[in-house]
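Below is one structure, written out as structure tokens; comments come after it.
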Amino acid sequence: MVFRHPFTARGTHAKAWDMRIHVQNPANDPEFAITQAQWDAAIARSPDMAGLQVSFADSEEGFASALPEAEILLSWVRPLRQRFPAGALPGVAPRLKVIACTSAGVDSAAPFDWLPDSVALLNNRGTHAEKAGEFGIMAILMLQTGMPIFADQQRRGEWKPRFSSTLEGRRVVIVGLGSLGGGVARRAKQFGMTVIGVRNGAGDHPDCDETHSTDALDRVLPQAEFLVLACPLTDRTRNLLSRERIALLPSGARIVNIARGAVWDQDAVCDALDAGHLEGCVTDVAVPEPLPAEHRLWRTPGMVVTPHVSADDHARYNDRTLDILFENLRAMREGRPMPNRVDPAKGY
């Protein structure tokens, strides 16, 4: 797909620095609301962005008030389809040229029939790499040490020693080598693991011993002592780890899911744990979210569930979000492709 530069019609790049940007914070999650102090600190790190005229809101009234003049919108991704039904743009926001999302995954905004070619959609890829890498290697270490088994034993009051070895030489297959999977690959390599990457295309990755395209997944899965799911959710990856593919994993395999709940068959994973084919799983994602208290996933032996917290660094998230946005605006000013621009045809 060929993207049209969002400022071609304006005939100048200089306007990028005195543009109006609106930050729409979530109304129900003040922990990750971007503050004026964080904005000021980001401008201090990037003084070339000082000309941006910023506004903040966390209400629908504030959003509606800012939209007619906004040229850049920084927003959570989930409300986008509701706020911009198909055909609404550019009419409701005639000056809007860039929508930047505060999350890496934009699957909740798909399909992208609401997004005109004149508006660039940016994701937040790159914000999550360090935190996701640490979470991923923590989960792998937990599974290697048998922590889900010990947790089940603790609830039953059973003292049953179980000994484990180190990670060195163990094989991990990582599906998706973006910022999430790449972060896990780097940490796994530091522990001496054999890292096998699966991605769109088979280009080399600096932290993988070998890489394969997704077409080779069925041939790779039988090698996976550990499997990490870290891919975006798209039409191609939905139910990627199906019941049939779970059966291809070696007996005793362990799985970490930091992608989306819909990339695997949840019931099939639980069945495989119950049957002893899988030894343990750590998942940070589920369908639905929040996960109902009565859901099977909570009580399946060998399963550890965390509430979608694997990649969000509370202390640094907003700072990195603003830095990434400025990196993209800088590229736009210089006539370079914006590194975080989403290709609607691919979904990421």
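The values are calculated or read from the model by the stated rules, or taken from the named source; none is laboratory data. Treat the numbers as computed from the prediction; the structure is a model and nothing was measured. Neighbour counts are summed over all protein chains in view; Cβ atoms, including those assigned to glycine, are modelled from backbone coordinates with ideal geometry. Areas reflect the complete protein model, heavy atoms only, side chains present, ligands, DNA and RNA absent. Shrake-Rupley method; radii C 1.70, N 1.55, O 1.52, S 1.80 Å.
Listing for the model above:
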read-out: Odd one out for residue 215, checked against (1) closer than 21 Å to residue 347 by Cβ; (2) in a loop (DSSP other than H, G, I, E, B); (3) open to solvent by 40 Å² or more (accessible area, probe 1.4 Å); value: (2)
read-out: Residue count, the stretch 86-102 (criterion: open to solvent by less than 30 Å² (accessible area, probe 1.4 Å) and in a loop (DSSP other than H, G, I, E, B)); value: 5
read-out: Members of the stretch 147-163 found to be open to solvent by less than 60 Å² (accessible area, probe 1.4 Å) and over 30 Å from the mean Cα position of the chain (by Cα), listed by number; value: 153
read-out: Failed criterion for residue 106 (all others in (1) within 21 Å of the chain's Cα centre (by Cα); (2) open to solvent by 20 Å² or more (accessible area, probe 1.4 Å) hold); value: (2)
read-out: Positions within the stretch 42-58 being in a loop (DSSP other than H, G, I, E, B) and open to solvent by 40 Å² or more (accessible area, probe 1.4 Å), in sequence order; value: 50, 58
read-out: Residue in the stretch 284-297 that is of a type outside the set (D, E, K, R), over 30 Å from residue 109 (Cβ atoms) and assigned to a loop (DSSP other than H, G, I, E, B) present; value: no
read-out: Of residues in the stretch 132-175 being of a type in the set (S, T, N, Q) and in contact (Cβ under 8 Å) with a residue 24 or more places away in the chain, the one nearest to residue 193 (Cα to Cα); value: 166
read-out: Enumeration of residues in the stretch 109-129 that are over 18 Å from residue 234 (Cα atoms) and either without any contact (Cβ under 8 Å) to a residue 24 or more places away in the chain or buried (at least 17 other Cβ atoms within 10 Å of the Cβ) (or both); value: 119, 120, 126, 127, 128, 129
read-out: Candidate set from the stretch 300-317 (those that are at pLDDT 95 or above and not in a loop (DSSP other than H, G, I, E, B)); member that is least open to solvent (accessible area, probe 1.4 Å); value: 303
